[in-house]
1. Thr521: net charge of surrounding residues, Cβ under 9 Å, Lys/Arg +1, Asp/Glu -1, itself excluded?
2. Need one word for segment 418-565: rounded, prolate or oblate. Basis is the Cα gyration tensor (sqrt eigenvalues a ≥ b ≥ c); a/c below 1.5 gives rounded, then a/b vs b/c decides.
3. Can you give the helix-only mean residue ellipticity at 222 nm for the chain, where every DSSP H stretch with n ≥ 4 adds -39500 (n - 2.57) and the sum goes over all residues, rounded to the nearest 500 deg cm²/dmol?
4. Using label points projected 7 Å from each Cα along Cα→Cβ, tell me how many nm separate Leu392 and Leu143, to one decimal.
5. Could you work out what % of the accessible surface of the chain is carbon and sulfur, using a 1.4 angstrom probe and leaving DNA, RNA and ligands out of the count?
6. For the chain, report the % of Cα-Cα distances exceeding 39 Å.
7. Need one word for segment 98-182: rounded, prolate or oblate. Basis is the Cα gyration tensor (sqrt eigenvalues a ≥ b ≥ c); a/c below 1.5 gives rounded, then a/b vs b/c decides.
8. By how many nm would the segment from Asn234 to Asp531 lengthen if fully extended, with 0.36 nm per residue of separation less the alpha-carbon distance?
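The values are calculated or read from the model by the stated rules, or taken from the named source; none is laboratory data. These figures come from a predicted structure and were not determined experimentally. Every residue, glycine as well, gets a Cβ built from its backbone with ideal geometry; the counts of neighbours run over all protein chains shown. All accessible areas refer to the heavy atoms of the entire protein, side chains included, with ligands and DNA or RNA removed. Shrake-Rupley method; radii C 1.70, N 1.55, O 1.52, S 1.80 Å.
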Amino acid sequence: MFELVLSQWQTQRSRWLAPALLWLAIALLVVIVGLPVLAILLYALFPHINEWSLAEPFSALLPTLADKQLLSATVNSLRLSAAITLLSCLLALPLACQRNRMSDRSGRWWDALLMVPFLIPPYIGSMAWMQLLQVKGFSEQLLGFNLAPYLYSFPGIVSVMALHLFPMIYFAASNALRVVGHRYGDVARVFGARPWQIFSRIYLPLVLPSLVSSCLIVFILSIEEFGTPEILGNRFGFHVIVTAIHDKFSDWPIDLPGASVLSLILIVIALAAYLLQRYISERFSANLDQQVINPPPLRRSLLARTLTQLLFIVVAVLAVVLPLLSISLSALMNTLSGGLHWNNLSLQPLLRLFDGDGDAWAAISTSLSLALMAACCTVLIALLVAFAVVRLRARATVLLDFLSILPNAIPGMAIAVGLILTWNQRFWPLTPYNTSLILLLAYVCLMLPYPIRMLSAALRQLPRSLDDAAYISGASELTVIFRILAPLLAPVALAAGFIVFAISTRELVSSIMLAPPGVETVATYVFHQFDQGSINAGMAMSLVTILVSGSIIVCGQRLQGRVRP
């Protein structure tokens with residue numbers, strides 16, 4: 001009896017905790033995600049809002065929208081993203097169809113190889129192609145020709161970015177085709193259907209939702225990409241929205257209202273594409289009478305198998321081998337002017353990175369410490385948000401869910417602009433602006449969706465009876481979170497932390513926009529080395545970044561795979 005009364009008393013005592021945790025989670029996301037977005041909106045509509053004045057409303061909006069250069073940059077962004085999406089789809093779809101016809105063992109090898117483009121940040125990949133194809137580049141030194149006119153053109157940018165992004169469509173389409181299996185095609189073949197008819201009338205409609213969703217994700221990633229248009233596009237006067245925003249901040253006088261209007265346009269485009277992708281994913285689906293996860297490989301002729309392998313080899317050489325070879329050779333060259341020969345190759349450029357008194361080591365230390373803090377903060381916040389969204393049944397969780405997915409639809413450049421507009425104000429008694437904390441805030445905002453998505457999915461798989469048993473025994477919400485759910489979610493949280501850590505170490509856009517004077521991260525170090533002409537130093541740092549981030553991401557995915565039911 002005494003224990004029952006004690007339990008009821010403890011339960012009543014902890015009733016305030018549930019709403020407190022919910023509102024704490026909402027408050028954190030409002031500060032991290034909501035304020036930057038609100039600042040962009042207010043600055044775009046009221047350019048004097050930092051003076052607490054609503055004077056001259058829309059005065060920045062209309063002139064900026066009427067600017068011909070802005071119109072040109074917007075059109076360039078849209079057609080560049082559309083062309084990249086189309087080329088990525090053309091590259092990925094044939095590969096996905098052939099992947100579904102080969103043995104599982106052979107397919108896994110190609111899957112692992114086609115994951116490599118994800119490990120190479122786009123701005124590093126662009127520099128790798130420049131080193132390879134520019135005048136007096138590696139191709140001219142070894143083979144006597146260069147493709148500089150093609151590289152510094154619209155098709156060149158499209159090709160470089162499509163070779164980086166097409167694996168996203170490839171993996172989505174090949175997984176969808178694997179689930180469909182071969183049996184529908186076998187039946188159609190028995191009734192005399194030709195291969196093109198089988199593909200266009202059976203397989204393509206079944207995988208179309210996955211294909212369209214992945215294409216829209218590629219479109220969003222293309223329209224928010226900064227590094228490749230900045231590196232390749234500036235050489236022939238090709239400007240997009242993100243580079244125009246960067247120019248608003250880098251050219252004097254700084255145009256904050258104009259940058260906010262451009263950021264708002266970027267958010268609207270990305271948000272529309274993201275909502276369309278979610279609508280397609282939720283609205284359309286293919287119903288199969290029997291799903292086959294690992295269909296047996298088709299019996300094919302030697303010629304067909306050889307052609308399939310050749311197709312994969314050509315794409316892998318273009319997307320993986322050539323960029324990595326260019327990065328590695330550039331990183332090992334003592335001097336670029338010395339040319340490509342054995343006497344000019346050594347490990348000295350790599351060893352110089354770890355000189356304790358050098359700028360490179362300071363950039364590595366800064367990136368590693370910020371990435372570690374970002375991983376810890378995002379995992380803790382994500383654990384709180386996941387608990388509130390999944391376990392607490394309240395109307396306010398709708399707002400929390402919206403704020404948690406908002407960074408998915410907001411480009412990194414817009415987040416950086418929003419943070420500047422929010423925290424570069426005199427009315428704040430304390431502000432992280434102009435300190436390293438603003439970088440940490442940006443990383444947390446950009447990376448939050450990863451751990452939230454992973455922890456929410458894992459939490460939904462844990463039975464609610466665990467919580468109920470603990471509440472009956474008198475446990476509070478904090479006890480349930482930290483003594484019951486957290487140990488069970490620890491492997492997923494660790495995997496999410498690994499992924500956040502790896503991506504944060506190479507994040508470019510927010511780093512280059514927000515880094516205070518005298519502070520360099522790995523990404524800004526690489527970017528500035530490229531700008532100053534120290535290509536081999538930048539490539540040495542890039543090679544280390546790719547190896548480190550790749551190893552950490554692989555560890556995180558293996559850890560997540562072990563705990564997946």
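1. Details: positive: Arg506; negative: Glu507, Glu520.
Local charge sum for Thr521: -1.
2. Details: a/c = 4.05, a/b = 1.62, b/c = 2.50.
It comes out oblate by the Cα gyration axes.
3. On the way: 30 runs with 400 residues, N = 565.
It lands at -22500 deg cm²/dmol.
4. Those two pseudo-labels are separated by 6.0 nm.
5. Working: 17810 of 27130 Å².
That fraction is 66 percent.
6. 34
7. Details: a/c = 2.88, a/b = 2.36, b/c = 1.22.
Since a/c reaches 1.5 and a/b is larger than b/c, the shape of segment 98-182 is classed as prolate.
8. Values: separation 297, 0.36 × 297 = 106.92 nm, distance 1.21 nm.
Once the chain is fully extended between Asn234 and Asp531, it gains 105.7 nm.
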